[in-house]
1. Assuming a viscosity of 0.890 mPa s and a temperature of 25 °C, what translational diffusion coefficient in µm² per second does Stokes-Einstein assign to region 344-439, Rh being the Kirkwood radius over Cα pairs?
2. Assign unit charges at the C-beta atoms only (+1 for Lys and Arg, -1 for Asp and Glu), then state the dipole size of the chain relative to its Cα centre in Debye, rounded to the nearest 20.
3. Taking the Cα centre of region 347-481 as origin, sum charge times position over the Cβ atoms of Lys and Arg (+1) and Asp and Glu (-1), and report the length of that vector in debye to the nearest 20.
4. Please say if region 118-218 is rounded, prolate or oblate, where rounded means a/c under 1.5 for a ≥ b ≥ c the square roots of the C-alpha gyration tensor eigenvalues, and otherwise the choice is prolate for a/b larger than b/c and oblate otherwise?
5. If I histogram all Cα-Cα distances within region 221-338 using bins 10 Å wide from 0, what percent of pairs lands in each bin?
6. Length gain on complete extension for the stretch Ser542 to Val529, per 0.36 nm per residue less the alpha carbon to alpha carbon distance?
7. For a quick check: with amide H placed at 1.01 Å from N, whose amide H comes under 5 Å from Thr130's, ignoring anything fewer than 5 positions away on the same chain?
8. Calculate, in whole percent, how much of the Cα-Cα pair population of the chain lies beyond 45 Å.
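A short reminder: the numbers here are calculations on the coordinates, not readings from a lab. Note that the structure is a prediction, hence the values are computed from the model and not measured. Positions of Cβ are generated from backbone atoms using ideal geometry, with glycine treated the same way; all protein chains shown enter the neighbour counts.
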Amino acid sequence: MRMRTLPAATAMAVLFSSVVLTAVPASADTTTPIAVSDADDTVVDGVHQRLFFSDRHQNKIVVTDYAGKVVTTLTGLPQVRDLELSPDSGTLYAAVYGADEIVAFDTATLTQTAEYPTGDKTIPSRLAFTDGKLWFGYGDQWDSGLGAVDLTAEKPTVTLDLAAGHDWASPPMLYADPDNPGTLLALDGGISSAPIVVYDVSSGTPVIRVSAGKGGFYNDAALTPDGQSVVVAGPGKRALTEYRLSDLEQVRTYPVPDEPETVSIAPDGTVAATVLDVDDLGDTYVFTGGPDQPASVRNLSHSWMPWIGHSMNWSADGGKLFVLSGSNDSTQFHAVDEPRKYLGTLKIDAPATAGRAKSLTVTGSLTSGLALPTGTPLTVTRTDMESPNGKSLGTKTLGTGGKFSFTDVPPAGGRVKYTVTYAGDASHTAATASDTVEVSRAVSSLTLNRNGSVYNYGQDVSFTARLGTTYKNRVVEIWSDPYGDTPKRLIRKGTVNSSGNLSVTVDMTRDTTVTAVFAGDARYAPKTVKSTAYAKVNISTSVAKHYRTGTIGSTGYYYFHKSTAPVLTTTMSYYKGRKQRIELQVYYQGTWYASGSQYFALGTNGKSIVSLGAPGESGIRARVRSSYIDGSSGDSANYTTHGAWKYLYFTN
C-alpha cells in the first residue's frame, strides 16, 4: 500500500494540531517544476512531512517537502523502481532494479542503513511490507517471481520462488496493509489473462487464498483503508473497479471519462484517480461522495500521456492530494489544497462598449460538477476611474441553471471592470471572474499654439495649451521633443488657469515638437495635441585676403586683386555631421547668375574655412553666401537658413 495509517499517538497529535490550523486560511493549489524525469513510484512520509519520488532514468530518489521543495537527493541507485515505507515511517525501502538489491534508508537522517542483495539478475522491481517481511516482485516476463526479505531474523534473509505455484507473466505488483496482517495482494500487469491473486502469508510461506482473472494489464491499484478491498485502475475501462479481497467479487465501480492511470485512497476512504484525458477536459478525479456522486475534477496537466508510474498520493492526514505529471524536462509537482471540493467555473460576460450614465446588463454562469443551488450568493464589485480600489455593488444571486445577470449604470467612463466572486462553501472552492466594458466619454477641446512657426536660433518662445470643459481633471502635461539625440522630456505639469491655459517657454535651438497631454477623467476622454515649431541656425561669414572695401552703388564690396584668392570663414551652429553650403553668383549685364554651389563640413567648433580661388581677370563682380539646407546639410535638426551675401570685386 502506498500510504500508511499513522500510529495512534501520531494520529492524536495530528488531530489536535488540525484544530488549531482551522483558523488559518487554506492555501491555494500550487504547481512547481521538479527535477524528476521518469518517476516509477511515489510514497508519502506523514511523520516527517516528506515525499519520495523514484527516478529510474536518473538513478536517484528525489526527496521533497509537501510544497515540492527538494530536501535532498539519494543517488547511486541504478534503475530504482518501487518504494515502500515501514509501518512506523522510520525506514524507506527501494527496489534497485539495476543492482539486484533492495536498499534501506533512515527517513529521519536520509542516510542508507542497509542493503539486501536479492541474487544475480533477479532485478527486483515491486515491494510491499507485511508481517515483518518485505515482499518483492522480481525478474522479467515469464521469468518473474515472488520473494521476501525476513526482517525479523537476527540476520535478515532473502528467499526466492515463493509464488505458490503461480506462473507470473511479469513481476507481480504487490500491496499489503500492516493493519490487516496475513494478507498479500499481487497483480500481474504483463498479460491480459493474468489474475488478481490474494496470498495468505500468515504462516510465512505464501498460500493462494483466492485468485480471479480481471483483465490483466493493470495500471495501478490501491487498498482501501480497512485492507478488505482493492481499487484497480485499468485496463481498457472507463472506470475504477473495487474488488473484495475475500472472494475478488466486484463491489462497485467509479466512472471516469477515459482510461484510469493511477489511483490513491485517503484514510477516510476517498478515492482519487488520474486518467489519460486525451481531450484535455480534466485529468484528476476525486470521488468525494463515493461512486454515486459526480467526481470533483481538476485539469492539472495538458501533456499527452502525462502520467508516469504511481504518481499520485494523498497526504498522510488526507487533507492534500499530491500529483506528479509530465516527463523528462517538464515534470510538474502539483499540490491540491482542497481536493474534495468541487471546482466552480465562473464566467462573466459584459458588453464590449456602453454609454456613460446609461444602463447596461452583465450576464454569466457558475457551474460545477456538483450543481450549486438557486439563490447561491455572489458578490459584485465595479472598478473604474471614480473607484480605482473597487466599489461594491452588493450581492447578486444565482438563478436556475447556474446563470446570473444584473444591471448597472456606470457613472464613470473609460475602462470599467466588473468582478463577480463566489466565496465557496464546504463542498465547493471559491471562484472569481471579471470582464471589462469600454464606457464612452465626452471629448474636451485641447489646443496648442505655435504650430509651423519659425524662430531664430536660441529664441525663447512661449507655447500655450488651452483646455476646454472637463469633469474634475484640469491638469495638463507639456512635453518637449527636440530633433536629434536629446530625449523627449516633461517640461511642465500643472493645473490650467481660470482661462484654461498652461504655458511653457522653450529655448529654440532645434526644430521641436511640443506635445500637450490631457489624461482624461471619469467623464472626458484623454486627448493629446502636438505643435511643431522650427528653429533657424546661427550663420556668420567673414572675408579675408582683400586689399580694401568700398561701395558700388549702395552695395558694399570687398576688393581683391585678380590674382588673389578670397578666403571665407563660416561660423554656424554645430551639429554632428553638419555641412554648410557655399553658393557663388556672378554679375553680368545687370543680372546675377548662379555659378555653382558646394557643401563643406563644419569642424567641431562650428567653423568652415574655404578658399574660392583667384579668377585671374579684372572687372569681375561676384557674391557668395553660406547656408544651412534642411536635409541636405547632413541633418534635419534645424530650419533652412541662409546667411548674408558677401560681395566681391576683382581688379588689376
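1. Working: Rh = 13.6 Å.
Stokes-Einstein gives a translational diffusion coefficient of 181 µm²/s.
2. On the way: 56 positive and 62 negative charges, 1531 e Å.
Using Cβ point charges on Lys, Arg, Asp and Glu, the chain gives about 7360 debye.
3. My answer is approximately 320 debye.
4. Numbers: a/c = 2.08, a/b = 1.28, b/c = 1.62.
It comes out oblate by the Cα gyration axes.
5. 14, 49, 31, 6, 0
6. Working: separation 13, 0.36 × 13 = 4.68 nm, distance 4.29 nm.
0.4 nm is the gain from fully extending Ser542 to Val529.
7. Hits under the 5 Å cutoff: Trp135.
8. Values: 111725 of 212226 pairs.
I get 53 percent for the Cα pairs in the chain exceeding 45 Å.
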